[in-house]
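Each reported figure results from applying straightforward, stated rules to the coordinates on display, with no laboratory input. Because the structure is a prediction, the values reported are computed rather than measured. Positions of Cβ are generated from backbone atoms using ideal geometry, with glycine treated the same way; all protein chains shown enter the neighbour counts.
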């Protein structure tokens, strides 16, 4: 089945009828946007001036790539360069499915504009690809997304975005992965290995108090400008809460922090904590510590002081909950992976194997819901090599001790 015939029949952005039925080993799908073929050029060449279009990459029918060597990676592939060659030279094809945007869904969803990473650039660079930074400082979310786009384009990483995995059947060497698009169309992909890289910040944690679903309650800061001149209660005392409070103060909001402890968490970024604490001492940011939220009303919030066992209602226009995130175990349950008492996946740290043969869990997904983040981008660079070693029957790479964090 000629690739050119398929591209001529299907309009850009449409999916051909081949994707509406199970895909055979010689018809494995790899979809990548933002690539076009150079007329008369080599396979995979790009035209920077060309309009982005949908491309279908089909392995040659005589390639001999068995379905057992096909790999489906599920999740936003923020670590795709090092995970691009899962087989490390072994015959294989790979395809990434994303439920949301093609790259950096967590960054796009949770990072306010111009938010800087805690880790330095060299610690979050992927697959040996350098990350040039003009400022020589920690990169912003926008800079990191640009870096990811450039690496994905360079390596032609196949990504099929806005596809939700709804069913997984079969066994190691012969899986069937069913996905559903935003428009409701479905496709079933045959593969031999499944790698879950779905992260651990799928949804915001909840307080579990009355009024939490009122319109004045937000869980993401977004652009701080929208809070100009408003009374905002920030709930939480870790990095997100401290940085949000500081940015809200700088755009002219009247900010109050409610936290269950007497002091901000010791892991708050060292370039943010001193300024926030100084502003609280000077009364520029109001301090309600140690307190917890008992109820949210349309015009205020009822706080309980844990030290004095008293309650008070403070007037607010907005409530910003910055109390962390939790993992959605749905995809783990679809794959029938064993979960522990906290609904986190049970994973062999040496090989990244789950309880289901042929299914691996990598990145922050393997840590599940984290109360004190110990697994993040810079501590996951080994994961792809561990999967590749397991697939090739080699000894896994050594587990390295965690690097010292700046606040330690």
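Extent of the stretch 332-408 along its three principal axes (Cα atoms, max minus min coordinate, largest first): 39, 31, 15 Å. Given in Å, the Rg to one decimal and the Dmax to the nearest whole number for the Cα atoms of the stretch 258-408 are 21.3, 62. Based on the Cβ-Cβ distance from residue 265 to residue 154, what FRET efficiency comes out when R0 is 35 Å, to the nearest 0.05? The formula returns an efficiency of 0.35 here.
Once the Cα-Cα distance is subtracted from the 0.36 nm per residue extended length, the residue 308 to residue 349 segment shows a gain of 10.3 nm. In this simple spin-label approximation, residue 209 and residue 294 carry label points 7 Å from Cα along the Cα→Cβ vector, and these lie 0.9 nm apart.
Each peptide in 320-332, 272-284 gets a packing score, the mean of other Cβ atoms within 10 Å over its residues, and the list from highest to lowest is 320-332, 272-284.
Assuming a ≥ b ≥ c are the square roots of the Cα gyration tensor eigenvalues, decide whether the stretch 230-307 counts as rounded (a/c under 1.5), prolate (otherwise, with a/b larger than b/c) or oblate. In terms of gyration-tensor shape, oblate.
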